[in-house]
Amino acid sequence: MLDYINLKYKPKKTDLVCEFYVEANGVSFEESAENIAGESSIGTWTDLSTMNEKIAHQLKPKVFYLNEKENIIKVAYPEELFEPGNMPQILSSIAGNIYGMKILKNLRLEDITFTKKLLESFPGPEFGIAGIRKLLKEKDRPLIGTIVKPKVGLNEKQHADIAYEAWVGGLDIVKDDENLSSMSFNNFYERIRQTLKARDMAEVKTGHKKIYMPNVTSETMEMLKRARFVKANGGEYVMIDILTAGYASLQTLRNANLGLVIHAHRAGHAALTRNHQHGISMLAIAKIARLIGVDQLHIGTAVGKMDGAAIEVEAIKNEIEAKFVHEKKKQHILEQKWGNIKPVFAVCSGGLHPGMTAELVKIMGKNIIAQYGGGCHGHPDGTRAGATSIQQAVEAVMKKKSLPEYAKTHEELAKALELWGCL
Ligand code: CAP
Ligand code: MG
């Protein structure tokens, strides 16, 4: 073994630093740390005749922090171990083979701190929060949207009609669901044509900017073809499922520089993030996505149907004491100053209805995109009324009025609050 533990070592600016949660299996905590550092960089299970002083000296990572009580280690990796601008390579190192080692019972990559050189090797978001607010001409309030529901099953015309109802009802954004791409009953190209036409009509009718986020998730060549088609038909946005499509695919979409806002859905993230003893934290995923260049990212709601404690969800977005991250350091990953890398808009979605809006804004702040799927189309009077009830809920929050109070003079909101037991 190369003796990777050096508790006196102070990470350099040229070191990429990882924080891992570690549970050893039949070996000491120190031995597990040695193996993590080795297998994620230059080592393997035995000493090597092919190893030389130069490699060991220049590329050996250092385990500079060991906290057996809290199961935390920190490793500083020289940045030469990583190819700039290649996220799959970076993750094949620090989030690769190490998960399969028998000497570990559990392993979770909690956090990554990239170096300046690596940060600068990725473009980050093209638009970011400021660019999106400029596009929508909305400076202050949360942006509101819906997902056309049912997730799949509607044909192109039904999809476009429902989108129109949602926009005219008062929502800014309509998006496809994560599992809607190009189906036998709903062709991508035809859906885009019809839904963008519906968007134009809704803009004329309301006098407001409206956004459609078509899901271009597919094989990479086809994905680019679909994204270019969106652009050619006057679309401003695309959506991609970043985990199932993969980071290389996301890089392809971003690096194509199509001038489209990128909405990142995180379907499948919980396979990595949900078990707090194993996998990859959402915090780390958020950093990766921001660096590659998504403009908007699903981070959870804290109040809706999906798992994710308020403190954890908030920590990804806001500057707070993040209890789940060890040593209680400040985290504000999406909006943190990262050189020229723009801030990412946090998307809160999953099980939201108008009655949750005040609590959501209290936890997450106003700089969010709130999406209501069932919470819009589940309204007793249909999609348009559902959209209006959401708009009214946001209005109430902005005017600092309680939702039940505001509902006294706003029928759509009243019906939504009644349906979901908030009156
Ligand atoms: C929301 C949603 C999103 C979830 C994913 C859905 O719909 O479209 O996919 O938000 O969760 O299908 O569930 P509802 P997350 O409003 O009807 O729940 O954002 O946590 O990744
Ligand atoms: Mg969905």
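The values are calculated or read from the model by the stated rules, or taken from the named source; none is laboratory data. All of these numbers come straight from a predicted model, not from anything done at the bench. Quick reminder, even Gly has a Cβ in these numbers, built from the backbone with ideal geometry, and neighbours come from all protein chains shown. When the accessible area is computed, the model is the full protein with side chains, heavy atoms only, and any ligands, DNA or RNA have been set aside. Shrake-Rupley method; radii C 1.70, N 1.55, O 1.52, S 1.80 Å.
Against the condition within 16 Å of ligand 1 (Cβ to nearest atom), acidic (D, E), within 23 Å of P123 (Cα to Cα) and modelled with pLDDT of 65 or more, how does D295 come out, does it pass? Walk me through it before giving the result.
Details: within 16 Å of ligand 1 (Cβ to nearest atom): yes; acidic (D, E): yes; within 23 Å of P123 (Cα to Cα): yes; modelled with pLDDT of 65 or more: yes.
Criteria met by D295.
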What's the number of the only condition in (1) charged (D, E, K, R); (2) within 16 Å of ligand 1 (Cβ to nearest atom); (3) crowded, with 19+ Cβ neighbours inside 10 Å; (4) touching a residue at least 40 places away in the same chain (Cβ under 8 Å) that K149 fails to meet? (3)
Count of the range 355-378 residues which are open to solvent by less than 10 Å² (accessible area, probe 1.4 Å) and either of a type in the set (A, V, I, L, M, F, W, C) or over 19 Å from M213 (Cα atoms) (or both): 7
May I ask you to verify whether N215 is within 16 Å of ligand 2 (Cβ to nearest atom), under 22 Å from the mean Cα position of the chain (by Cα) and open to solvent by 10 Å² or more (accessible area, probe 1.4 Å)? no
Which pairs have Cβ atoms under 6 Å, sit 6 or more apart or on different chains, and link a residue in the range 26-52 that is in the same structural domain as Y99 (by TED's automatic domain parsing) to one that is modelled with pLDDT of 95 or more and hydroxyl-bearing (S, T, Y)? E34/Y4; A37/Y4; S40/S93
Kindly list, by first and then second residue, each pair from a residue in the range 354-374 that is aromatic (F, W, Y) to a residue that is more than 14 Å from ligand 2 (Cβ to nearest atom), limited to pairs with Cβ atoms under 7 Å and residues at least 6 apart or on different chains. Y372/H353; Y372/I390
Within the range 353-409, considering only helices (runs of 4 or more DSSP H) that don't extend past its boundaries, which have at least 1 residues that are within 18 Å of D172 (Cα to Cα)? 357-364, 374-377, 383-398
Does L81 count as under 35 Å from the mean Cα position of the chain (by Cα) and within 24 Å of G100 (Cβ to Cβ)? yes
With L109, L154, L91, L143 as the choices, which residue is touching a residue at least 12 places away in the same chain (Cβ under 8 Å), assigned by TED's automatic domain parsing to the domain that holds S389, over 21 Å from N179 (Cα atoms) and open to solvent by less than 50 Å² (accessible area, probe 1.4 Å)? L143
Where the second residue is open to solvent by 20 Å² or more (accessible area, probe 1.4 Å) and at pLDDT 95 or above and the first is assigned by TED's automatic domain parsing to the domain that holds R133 and on the phi > 0 side of the Ramachandran plot and lies in the range 253-274, which pairs have Cβ atoms under 6 Å and are six or more apart or on separate chains? G268/L243; G268/T244
Within the range 165-181, take every residue that is open to solvent by 10 Å² or more (accessible area, probe 1.4 Å) and within 18 Å of the chain's Cα centre (by Cα) and give me the one that is nearest to ligand 2 (Cβ to nearest atom). E178
So G38 passes all but one of these: (1) part of a helix (DSSP H, G or I); (2) open to solvent by 60 Å² or more (accessible area, probe 1.4 Å). Which condition number does it fail? (2)
Name the pairs: first residue in the range 383-397 and at pLDDT 95 or above, second residue aromatic (F, W, Y) and open to solvent by 10 Å² or more (accessible area, probe 1.4 Å), Cβ to Cβ under 6 Å, at least 6 apart or on different chains? A396/Y406
Among the listed residues L283, L272, identify the single one that is more than 17 Å from F127 (Cβ to Cβ) and touching a Gly at 6+ places or on another chain (Cβ under 6 Å). L272
If I ask for residues that are hydroxyl-bearing (S, T, Y) and surrounded by fewer than 24 Cβ atoms within 10 Å (Cβ to Cβ), which ones from the range 384-397 would you list? none
Residue count, the range 244-277, condition of a type outside the set (S, T, N, Q), within 16 Å of ligand 1 (Cβ to nearest atom) and crowded, with 22+ Cβ neighbours inside 10 Å, comes to 8
